[in-house]
Amino acid sequence: MMVEVQSIKDALDLYVPADEAMQEYLEAMLQDDDVYDDLEGLVDAVQPFLDDNRDVAEKLVQAIAASRPQQEKKVKQSVPFCTPGTNTALEHTTHDDDTASASSSSSLEGEKEPSTKTSKVTKAALRKEKRLQKKAQKNNQKKKNKQQESGDDNLQETVARLNAKSKQELNEMDDYASAWEQAKNTDSNDPVIWGGRGFGGRGVNRGLGVYKGKDAVVNQLTLSYGGGRDLLHETHLVIAHGHRYGLMGQNGCGKSTLLKRIASGSVPGWPMHIGVQMVEQEVLGSPSSALASMLDLMGANQGREAQKREELEQEVASLESVLEDEHAEPDALETAAERLSEIYVQLESMDAEDGNDDNNQSAANEDGNVRKVNVFDKLDKKARMILKGLQFRESMLETPGNLLSGGWRMRLALAQALYSEPDILLLDEPTNHLDLSAILFLQDYLVSKNMTIVVVSHDGHFLDEICTDMIKFETNAKLKYHVGNYSSLCEMEEQTWERNTKKAEATARKEKKAMEFIHKQRSMANSKHRDDNKQRQAAERQKKLGRIGLFSDNGQKFKLLAEGNTKKGGSNRAGHIFGNYTNARGMTSAFVSNEKVAFGEDHQLLNFKFPAAAPLKGGGDALISMEDGRFRYNPEDDWLLQNLSLNISKASRIAMVGKNGAGKSTLLKLLCGEQPLNSGEFHVHPNMRIAHIAQHHIEHLGEFLESTPVDYFMKQHHAKSEHEARQFLGGFGLMGPLALQLIGTLSGGQKARLTFATIMFTKPHLLILDEPTNHLDGDSLESLAAAVEKFQGAVVIVSHNQDFLARCSKVMWTVANGRVKVEIPDGDVTTFDDLFENYKEGLRKEMKKRRGQ
């Protein structure tokens, strides 16, 4: 029995459930009217994307074709395949009653050949007509592909043009860019010299063509823009081999700029032999599929492996000759033996990986039965592990990259970078678009492979798991290094801020007491009761008033003329708690650091403003309630969700977690009313407004890249004036020049704010946030959390960010095995963090179990 549907989306929800990426791809394919000229061919085209299930493919195409009345005339001309109830009688064709009846009711399982009574002439005409239809279909498909490629090319050209313009502007502002390019373009036979006035920089002279170490060290680094604006000033950039760094800093300090300059080789003094690869927040797709791109990497990797094996074998021969030398020094023999042992371990590891790959290429089981070879079998063990760990499904591997959603394009770029294993891997918000299972895989992979990484992330738990060191942009344009993870850095800074606060308070008390004494003695200068000794004391205190607040970092004694080189026997250099030391002459000293100390994080809070909706009248406290609800897309399938007894009240704060495909998106559709329950009770407040911010909420901005936020907002909501649009956008941090800047030049976080502002303009009673933390930096995330806390309505959040959920949620819904488990922490014995940690531990056990199979 065929199920009636109203649209392509309904049919896809029915037959392709819990796979948003595949639904998007198939929907784009099925929207073209011309593909329905040959329904049999359409089934053949759709079948590979449905796990080669022809029955499901036929039902899908049949349901969509039946919902398209405009296709009736076209279907009448197609004898081999037609929708139920369509008359397939052709001109010049005679049928008896039975044949006509069979023809008029043909379906997917019905007759697929013309009637046996059809004349030979009619058959020939029919074959000719079919050939013409297929030819026209191919031409239309080619035209469509060209248009789609043209659209993709236009988008990529727009983004590439904006990126090139931004890079050019950055190079023009960089005071050292031209000098560095000149240094790199010197004769390859000569070592590259960077630093000193002759090459425009303040770096240290070094032969960059001679240095071949694995550590990236740039001394006295200065990144100066805009004729003197220093993002970094005479600081040290150190990325040690095998270390994993988390990069922190305030908004606009230059984190992303530094990563991009490193990735493009534009950092003055960067060791040029060290390979760098960067995965950005937003990735443009290419026509190559995931399978094709990984196969290309495999081929390149095999060449590198062969070269590396040859180099190791040559080194083995050289070391063995040292061991055989009777006149060799003992130290040389010991060094050679240690190195030889390391090389043997590397060669054995390479041989083991080759053996595993050879075994995995076999498609035969031990019992002699040939198993079905899937797409993953074309890849080696490493590529399979990475793609599966990032939740790629077999049906997605042959999809062109430019047809994947933004989240999956980012995952593909991440998979390519992990497989390539560059010398240094730069990651900009890598947890965006990843579910918790993929994040756990990424954490384990980065740690187990001992890769050298610099990562920018707003997820503190992720940084805690992977980071060995932290790098922080200081307000004085320096880089500060901390050995330890994110939490240890935060703890150390809290302690430092507390000490600094106590020092500042003590300094303020001393200054107040000294000034009171000085003013008192000045007032008594002409009095007959004055004390000459106290007058002298007041004069001395006035001279030394600037010394109040001096201190040393280690708490030990310091000298005002010390240079601070304690390693060579010098004394501690002094600093001033307020950074305003002056001597008796009112002048600063080159020996005293006047860098103001930090007393706490100076957050640039954006103060998101979520407008409050008008109070709902009547209907009680409940906004949405379900009782024993059940849902499935296909009546022949098992229940996707069942036993749903859920309630959302006016003040609910709900966190929803679950694996990809568990049914979270389906449950959100049920809550939004986009899908009805198959059975059970469902009640919704009649006057309620819902705002649903979807996971891929910023992707639709692609066609507006050359518009401004103000123009985009006015088009979406028909604002009364530009002033009204700018006023509302300002409440989401898009104020001043940002509101008039091209959308294509905005950061991911700024685009997310634009989407939030556009959706929240409706003043909803229920706010549904699907992965809202994607693209947001730490300060924006802090502002969003504060806005959610103050929001006068109900909130349902789907996210993997534990800190954000713990702050904004009071209830946790876990979607798993077709059911929703509701857990409410009591706040005393059990906290939200306890519930989330239990959920993560369950996922880890599942991952270990799958690896063992």
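Every residue in the range 373-423 that is aliphatic (A, V, I, L, M), assigned to a loop (DSSP other than H, G, I, E, B) and within 17 Å of the chain's Cα centre (by Cα), please. I'd like the intermediate steps shown before the answer.
Start the filter on the range 373-423 by keeping residues that are aliphatic (A, V, I, L, M), which leaves 373, 375, 379, 383, 385-387, 390, 396-397, 403-404, 410, 412-415, 417-418.
Next, from what is left, pick out any that are assigned to a loop (DSSP other than H, G, I, E, B): 373, 379, 390, 397, 404.
Within the range 373-423, L390, L404 qualify.
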Quick check, is R244 basic (K, R), open to solvent by 10 Å² or more (accessible area, probe 1.4 Å), touching a helix residue (DSSP H, G or I) at 6+ places or on another chain (Cβ under 9 Å) and at pLDDT 80 or above? yes
Could you check the range 642-685 and list, in sequence order, the residues that are touching a strand residue (DSSP E or B) at 6+ places or on another chain (Cβ under 8 Å) and charged (D, E, K, R)? K650, R653, K659, K664, E681
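Is at least one residue of the range 314-323 over 26 Å from K378 (Cβ atoms), assigned to a loop (DSSP other than H, G, I, E, B) and touching a residue at least 24 places away in the same chain (Cβ under 8 Å)?
no
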Test set (1) out of contact with any His (no Cβ under 8 Å at 6 or more places or on another chain); (2) modelled with pLDDT under 90; (3) surrounded by 20 or more Cβ atoms within 10 Å (Cβ to Cβ); (4) of a type outside the set (G, A, S) - R411 fails condition number: (1)
Are there any pairs, at least 6 apart or on different chains, whose C-beta atoms fall under 9 Å, with the first in the range 639-664 and without any contact (Cβ under 8 Å) to a residue 24 or more places away in the chain and the second open to solvent by less than 10 Å² (accessible area, probe 1.4 Å), and if so, which? S645/M626; S645/G629
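Would you confirm, using the coordinates I've provided, whether E326 is among the acidic types (D, E), free of Cβ contacts under 8 Å to residues at least 24 places away in the same chain and either closer than 30 Å to E782 by Cα or assigned to a loop (DSSP other than H, G, I, E, B) (or both)?
Details: among the acidic types (D, E): yes; free of Cβ contacts under 8 Å to residues at least 24 places away in the same chain: yes; either closer than 30 Å to E782 by Cα or assigned to a loop (DSSP other than H, G, I, E, B) (or both): yes.
Yes, satisfied.
Within the range 621-636, count every residue that is in contact (Cβ under 8 Å) with a residue 40 or more places away in the chain and open to solvent by 10 Å² or more (accessible area, probe 1.4 Å).
Just the residues of the range 621-636 that are in contact (Cβ under 8 Å) with a residue 40 or more places away in the chain, to begin with: 622-635.
Then keep just the ones that are open to solvent by 10 Å² or more (accessible area, probe 1.4 Å); that gives 622, 625, 627-628, 630, 632-635.
Adding up the residues that qualify gives 9.
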Just checking, which of L605, L646, L670 is among the aliphatic types (A, V, I, L, M), surrounded by fewer than 17 Cβ atoms within 10 Å (Cβ to Cβ) and either under 30 Å from D777 (Cβ atoms) or at pLDDT 90 or above (or both)? L605
Among (1) in contact with a helix residue (DSSP H, G or I) (Cβ under 8 Å, 6 or more places away or on another chain); (2) assigned to a helix (DSSP H, G or I); (3) within 25 Å of Q802 (Cα to Cα), which single condition is Q542 missing? (3)
Could you look through the range 482-505, keep only residues that are of a type in the set (S, T, N, Q) and assigned to a helix (DSSP H, G or I), and pick out the one that is most open to solvent (accessible area, probe 1.4 Å)? Q495
Taking the range 790-806 and keeping residues open to solvent by 30 Å² or more (accessible area, probe 1.4 Å) and modelled with pLDDT under 90 leaves K790, Q792, D803
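Assess whether E636 counts as being modelled with pLDDT under 90, within 32 Å of the chain's Cα centre (by Cα) and charged (D, E, K, R).
Working: modelled with pLDDT under 90: yes; within 32 Å of the chain's Cα centre (by Cα): no; charged (D, E, K, R): yes.
It is false that E636 is modelled with pLDDT under 90, within 32 Å of the chain's Cα centre (by Cα) and charged (D, E, K, R).
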Could you please find all residues in the range 673-707 being buried (at least 16 other Cβ atoms within 10 Å of the Cβ), modelled with pLDDT of 85 or more and either among the acidic types (D, E) or in contact with a Pro (Cβ under 7 Å, 6 or more places away or on another chain) (or both)? I690, A691
Filter the range 506-539 down to the residues that are open to solvent by 100 Å² or more (accessible area, probe 1.4 Å) and within 51 Å of the chain's Cα centre (by Cα), then identify the one that is farthest from F551 (Cα to Cα). R509
Just need a number here: residues in the range 718-749 that are part of a helix (DSSP H, G or I), touching a residue at least 24 places away in the same chain (Cβ under 8 Å) and farther than 12 Å from T708 by Cα. 3
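The values are calculated or read from the model by the stated rules, or taken from the named source; none is laboratory data. Values in this document were obtained by computation on a predicted structure and should not be read as measured data. Cβ: placed from backbone, ideal geometry, glycine included. Neighbour counts: every protein chain shown. To get the accessible areas, we keep the full protein, side chains included, count just its heavy atoms, and leave off ligands, DNA and RNA. Shrake-Rupley method; radii C 1.70, N 1.55, O 1.52, S 1.80 Å.
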